[in-house]
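Just below is one structure, and these are the notes that go with it.
The values are calculated or read from the model by the stated rules, or taken from the named source; none is laboratory data. Remember, predicted model here, so these are calculated numbers, not experimental data. Cβ: placed from backbone, ideal geometry, glycine included. Neighbour counts: every protein chain shown.
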Amino acid sequence: MADPLTDTLTAERTDGGPAVNPTVNKQHMAFELDAGVYARAAIGLIVLASDQTVEHEFRRIFDLPGVAFYESRIYNDPNITPETLKAMEAGMTEAAGLILPGIPLDVVAYGCTSGAMLIGDDKVAELIHEARPGVACTSPMKGALAALAALGAKRVALLTPYLDEINQAMRGFLQDRGVAVPVMGSFNEPDDNKVGRISPASIRAAALELGRADRVDAVFVACTALRVVEIVAELEAELGKPVTSSNHAMAWHCLRLAGIDDPQPQFGRLFTRSLV
């Protein structure tokens, strides 16, 4: 049987025209569409310009068939203060609009724990909805509250890297929403470029020190820059209490809001739970 590509090349060589290198240029070749890599869920993530960690931890957790996440960056001052955190409000809608324009998303998350607390989750959702009307929204604080409810945790040890002004505001935020914070500690490092390099061993030691208190029934490590996902299971095994973090809780909340309920016990107790 004749090869149509060979026939094309032969015709080009014998049509009397000038000698040229033979080429193949087939147009409108047949194709079909499938559901893409986000066949089950497409999750959008707004990442701080200075964040070194959240994408890395999300990739580990979202290693599920048909689940994908897509991110955009939002400018932030790496010096974390209440003023610099609130300034991110101005770029929220644009950042949300840059994530896969024209393709529906199941969830959009804003990846800043203290920023979401100070701007407010309702305002964050309002700004995201200007670019993505009706999409489900979450943040580390919203995810943490949902996670603690799913775990039945009422009294947490809070570990942060923040200045005390932000720490006290976060404690009040949690307590106003029914989660007591009888124990807390901080690395007191305002430079986000350094926070992303705080070692998991340092985080582990601090979480164990705070989490061993009899007055708490869970540990929450706040800040998307802190690397916690890889040590959650071992912390829980040593403490006998649930442990979650900003990225850990937010990723879980994204999956559950998108209807993905696959158990992932390698990431600790939370990833065996559904929304309540």
- [ ] Return only the number of the condition from (1) over 24 Å from L148 (Cβ atoms); (2) in a loop (DSSP other than H, G, I, E, B) that G178 does not satisfy.
- [x] (1)
TODO: Name every residue in segment 212-231 that is more than 19 Å from Q52 (Cα to Cα) and either in a helix (DSSP H, G or I) or in contact with a Gly (Cβ under 7 Å, 6 or more places away or on another chain) (or both), in order of residue number.
DONE: V219
Task: Boolean, F220 is surrounded by fewer than 22 Cβ atoms within 10 Å (Cβ to Cβ) and aromatic (F, W, Y) - done: no
Open item on the list: Give me the helices (runs of 4 or more DSSP H) completely within segment 83-147, filtered to those with at least 2 residues that are modelled with pLDDT under 95, ordered by residue number.
Closed with: 113-119
Open item on the list: I'm trying to understand the selection: among the residues of segment 242-276, which are over 19 Å from V107 (Cβ atoms) and either in contact (Cβ under 8 Å) with a residue 40 or more places away in the chain or in contact with a Pro (Cβ under 8 Å, 6 or more places away or on another chain) (or both)?
Closed with: P242, G268, R269, T272
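Just to be sure I understand, how many residues within segment 236-254 are buried (at least 23 other Cβ atoms within 10 Å of the Cβ) and either within 23 Å of Y38 (Cα to Cα) or over 13 Å from the mean Cα position of the chain (by Cα) (or both)?
Total meeting the criteria: 11.
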Task: Selected residue (criterion: modelled with the lowest pLDDT) from residues of segment 63-80 that are over 21 Å from A35 (Cβ atoms) and in a strand (DSSP E or B) - done: N79
- [ ] Tell me, please, whether a residue that is in contact with a Pro (Cβ under 9 Å, 6 or more places away or on another chain) and either without any contact (Cβ under 8 Å) to a residue 24 or more places away in the chain or β-branched (V, I, T) (or both) can be found in segment 61-82.
- [x] yes
Open item on the list: Conditions first: (1) within 23 Å of C254 (Cβ to Cβ); (2) in contact with a Phe, Trp or Tyr (Cβ under 7 Å, 6 or more places away or on another chain). S186 passes all but one, so which condition is the exception?
Closed with: (1)
Task: Of the criteria (1) within 19 Å of the chain's Cα centre (by Cα); (2) of a type in the set (D, E); (3) within 27 Å of K241 (Cβ to Cβ), which one D106 fails - done: (3)
Open item on the list: E236 - would you say it is without any contact (Cβ under 8 Å) to a residue 60 or more places away in the chain and either in contact with a Phe, Trp or Tyr (Cβ under 7 Å, 6 or more places away or on another chain) or part of a helix (DSSP H, G or I) (or both)?
Closed with: yes
TODO: Test V67 against the stated conditions and say whether it is within 27 Å of N193 (Cα to Cα) and surrounded by 14 or more Cβ atoms within 10 Å (Cβ to Cβ).
DONE: no
Task: Per-region count, segment 170-213, residues surrounded by fewer than 18 Cβ atoms within 10 Å (Cβ to Cβ), modelled with pLDDT under 95 and in contact with a Ser or Thr (Cβ under 8 Å, 6 or more places away or on another chain) - done: 2
